[in-house]
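First up is the structure itself, then whatever we jot down about it.
The values are calculated or read from the model by the stated rules, or taken from the named source; none is laboratory data. Keep in mind that what you see is a predicted model, and the values were worked out from it rather than measured. For neighbour counting, all protein chains shown are included, and Cβ atoms are generated from backbone atoms with ideal geometry for every residue, glycine included.
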Amino acid sequence: MKFLHAGDVHLGAEPESGTSLGAVRKGELWDAFRDIIERCNKENIDLLLLPGDLFHSQPLLREVKEVDYLFGTLTHTRVVMCAGNHDCLLPTSHYYDVTFPDQVTFLMDPQTDSVYLPELNTEVFGLSYDARQIEEARYDALHSTDAGRINILVAHGNILCNDKSIPLHRGVLEGAGFDYVALGHIHNRIEVSPRVAYSGSLEPLNRGETGAKGYILGEIQKEGSGPSKIHWEFVPHAKREYVPLDFPVTAETTEFSLCSELFGVLRERGLQHMYLITLTGTRAREVVWNLESITAVLAKYGANVLELADKTVPDFPVELWREQEQDNLVGRFINRMDSVEDETLKNRALQYGLQALLARDDKR
Ligand SMILES: [Mn+2]
């Protein structure tokens, strides 16, 4: 039985809204979901598991209808889904206004629900959020009932901390007799155990969601009532990643050379990605980076630099000034810093102190 587990699709979200990427990203979230449906068809996936937050918020009617249409294009795959905290089943939910095709099961009961799919000898358990916040450990009551079947749980909750969503407990999940537990809610991919996993978000939804995003593709083999064999892997799929990047400069780096070198690195890593860059290292002391203009130049080349921070320090000739400037404040400051024992602290104090002194005099 081949399954595809896609958690936290968050359709309708607009990451980077208010920037030039906003509308693009909103569309890419839908593209990513369409890709999933296409992959299900191409590879004859038996079961698509959507463990909540398919939508980012209460879906619009036209959005539910789009999903309904896409589900209708599935040629082989059965779908089991539930509502998470973001798309919870409030009485006014447009989820109630559409009847998904027969191959889709929406586990809507807020306490305990399941569906048996005889052609797959598989029973899928789960429940749907009926409120944005639920602190009761509702999944703790769910367990497999027939060891002759493949038993799967789709669950939306938090195994790491209490964030007013349903708390999950590793021991309980592992002991409830499930062949696989498809988790949603945490946007990082987490392998809780060989049979319990978060796929993470399908696409990164904010700048904190760095690294590869995608879905889980797996297969379960079961014969008789003995334990099943399972194999699954994470498949990176997101159109773009948020990439944090430290970029070291030297005293030789000029603004033009920086743009050129940085562009080389970004092109190598992929121009589609969204970069969060920190300049590090030692710059020539006369250099003042114009971060806005660097970002604009890189944008002109087609690179998405969303953040550019300057943590470089100026290259002061401390030893030379210690002698040359000993009769003034600069020299006296350098000599006084000798009493600081911690080398890192001393260097940082020298950098900041000299910058402040020189800015005051504007001499150098
Ligand atoms: Mn959630």
Study note, to complete from the structure: Note on the stretch 82-105: residues among the acidic types (Asp, Glu) and either assigned to a helix (DSSP H, G or I) or closer than 15 Å to Val154 by Cβ (or both) are Asp87, Asp97
Exercise for review: Kindly indicate the residue of the stretch 303-318 that is assigned to a loop (DSSP other than H, G, I, E, B) and modelled with pLDDT under 95 and also nearest to Leu354 (Cα to Cα) among those meeting that condition.
Suggested key: Phe316
Review point. Given the conditions (1) over 29 Å from His56 (Cα atoms); (2) over 20 Å from the mean Cα position of the chain (by Cα), which single one is not true for Gly218?
Key: (1)
Check your understanding: For the stretch 175-196, how many residues are more than 16 Å from the ligand (Cβ to nearest atom) and not hydrophobic (A, V, I, L, M, F, W, C)?
Key -> 8
**Study point:** Elements of type strands (runs of 3 or more DSSP E) contained in the stretch 185-298, each with 1 or more residues being farther than 30 Å from Lys2 by Cα and outside the structural domain of Pro167 (by TED's automatic domain parsing)
**Key:** 242-249, 274-283
Exercise for review: Can you run down the residue pairs with Cβ atoms below 7 Å, 6 or more apart or on separate chains, where the first is in the stretch 278-291 and over 10 Å from Thr312 (Cβ atoms) and the partner is modelled with pLDDT of 90 or more and not charged (D, E, K, R)?
Suggested key: Leu291/Leu308
Review point. Would you call Val67 buried (at least 19 other Cβ atoms within 10 Å of the Cβ), more than 14 Å from the ligand (Cβ to nearest atom) and either within 26 Å of Glu191 (Cβ to Cβ) or touching a residue at least 40 places away in the same chain (Cβ under 8 Å) (or both)?
Key: yes
